[in-house]
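Take a look at the structure set out below.
The values are calculated or read from the model by the stated rules, or taken from the named source; none is laboratory data. Please read all numbers here as calculations on a predicted model, not as lab measurements. Quick reminder, even Gly has a Cβ in these numbers, built from the backbone with ideal geometry, and neighbours come from all protein chains shown.
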Amino acid sequence: MLNIGFMQGRLSDMVNGRIQSFPFSNWKEEFVIAHKNNFNTIEWTIDSINIENNPILNTKMHSEIKSLKQKYSIDIPSVTCDFFMEKPFFKANNQKRISRENFLLDFFKNCSELNITYIVIPLVDNGSIDIETHEKIVLNFFLKNIGIIEKYNLQIIFESNFPPEKLKIFISKFPKKYFGINYDTGNSASLGYNYEEEFDAYFEYIKNVHIKDRILGGTTVPLGEGDTDLSGILIDLLKRNYSRNLILQTARDKNKHLEVLCNYREFVLNIINHYEKK
């Protein structure tokens, strides 16, 4: 059975109207609510807003995070780095680039101390790789720091808007032991990609999956209301023996956070259970 977790913040009010941002006022309560409703996996999120106060960066807060994980039986296997998308080091120059690279390396250490394995690097939106020079900078930085990545027992997983064959070429430049792909069901649908072609190209590199629905060329919508063939995707993943996490990075509701998230989980489980009963 595939494990279904959720993106941190999906059980909290939106921050400044953003669909995804660290829930400073409610992050501890999310552990309690998750446990009570049989969720055992949270993907941490860290963005640029008030980033210096994100508990993952404060070593004094690490003991509390570990305590919450243990008390409520919650695993945090992954973190999505929206700050990277918002302020990509490969688009900065000189000292600013060095500063952002050093920040990322310090961040890796903090993740390791919390036993977070998968570091989701979003190469989309403002973090998209648009020119060959940027790709070379990204490649050189991560390959140069494989020793640190290995030391901290991390795996870097890229989420990209590259078409299937181009993404296959890109990810094949990295050693599979330490690098992989975060597959986003909604983003791929929004870009008009065919999931079978994507999986044929790079399934072996997929180490995490974000579940969402999006309109072709448009925004995130509730599961089943967009152009994402979620049933087809999940069944294909099962056929290919995908056995890692599915993270609900789904559309938001203004008030009914828990109800909506549980409904999305049921939506996914119904597809999986229907297939497995055949």
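With respect to the conditions (1) in contact with a helix residue (DSSP H, G or I) (Cβ under 8 Å, 6 or more places away or on another chain); (2) surrounded by 21 or more Cβ atoms within 10 Å (Cβ to Cβ); (3) assigned to a helix (DSSP H, G or I), L223 falls short on a single one, namely (3).
Looking at I51, I19, I42, I33, can you tell me which residue is out of contact with any Ser or Thr (no Cβ under 8 Å at 6 or more places or on another chain) and in contact (Cβ under 8 Å) with a residue 60 or more places away in the chain?
Being out of contact with any Ser or Thr (no Cβ under 8 Å at 6 or more places or on another chain) and in contact (Cβ under 8 Å) with a residue 60 or more places away in the chain holds for just one of I51, I19, I42, I33, which is I33.
So D106 ticks every box in (1) more than 22 Å from Q249 (Cβ to Cβ); (2) touching a Pro at 6+ places or on another chain (Cβ under 6 Å) but one. Which box is left unticked? Looking at each condition in turn, D106 falls short on (2). I want to confirm something. Restricting to the stretch 234-254 and keeping residues that are more than 18 Å from F6 (Cα to Cα) and either out of contact with any Phe, Trp or Tyr (no Cβ under 8 Å at 6 or more places or on another chain) or of a type in the set (V, I, T) (or both), which single residue is surrounded by the most Cβ atoms within 10 Å (Cβ to Cβ)? By that ranking, first place goes to I235. Listed conditions (1) over 22 Å from V268 (Cα atoms); (2) in contact with a Phe, Trp or Tyr (Cβ under 8 Å, 6 or more places away or on another chain) are all met by I169, apart from (2). Across the stretch 206-218, not a single residue is classified as in a helix (DSSP H, G or I) and surrounded by 21 or more Cβ atoms within 10 Å (Cβ to Cβ). If you go through the stretch 62-71 and keep only what is surrounded by fewer than 15 Cβ atoms within 10 Å (Cβ to Cβ) and either among the basic types (K, R) or not in a helix (DSSP H, G or I) (or both), you end up with K66, K71.
Of the candidates I149, I233, the single residue that is within 30 Å of L114 (Cα to Cα), touching a helix residue (DSSP H, G or I) at 6+ places or on another chain (Cβ under 9 Å) and outside any loop (DSSP other than H, G, I, E, B) is I149. Pairs linking a residue in the stretch 252-278 that is within 19 Å of G17 (Cβ to Cβ) and without any contact (Cβ under 8 Å) to a residue 60 or more places away in the chain to a residue that is in a helix (DSSP H, G or I) and aliphatic (A, V, I, L, M), with Cβ atoms under 8 Å and 6 or more positions apart or on different chains, are D253/V260. A single entry from K69, K60 fulfils the requirement of being without any contact (Cβ under 8 Å) to a residue 60 or more places away in the chain and farther than 15 Å from Q8 by Cα: K60. Scanning the stretch 41-61 for residues that are farther than 20 Å from E113 by Cβ and either surrounded by 14 or more Cβ atoms within 10 Å (Cβ to Cβ) or small (G, A, S) (or both) returns D47, S48, I49. Among the residues making up the stretch 2-26, those that are of a type in the set (A, V, I, L, M, F, W, C), in a loop (DSSP other than H, G, I, E, B) and modelled with pLDDT of 95 or more are L11, F22, F24. Candidates S12, S25: the one that is touching a His at 6+ places or on another chain (Cβ under 7 Å), of a type in the set (G, A, S) and on the phi < 0 side of the Ramachandran plot is S12. Apart from one condition, N115 fits all of (1) under 20 Å from Q8 (Cα atoms); (2) touching a strand residue (DSSP E or B) at 6+ places or on another chain (Cβ under 6 Å); the exception is (2).
When F267, F203, F199 are checked against the criterion of being touching a Lys or Arg at 6+ places or on another chain (Cβ under 6 Å) and assigned to a helix (DSSP H, G or I), F203 stands alone in meeting it.
Working only within the stretch 171-197, note down all residues that are touching a Leu at 6+ places or on another chain (Cβ under 8 Å), surrounded by 17 or more Cβ atoms within 10 Å (Cβ to Cβ) and not hydroxyl-bearing (S, T, Y). If the condition is that a residue be touching a Leu at 6+ places or on another chain (Cβ under 8 Å), surrounded by 17 or more Cβ atoms within 10 Å (Cβ to Cβ) and not hydroxyl-bearing (S, T, Y), then F174, I181, A189 are the ones that fit.
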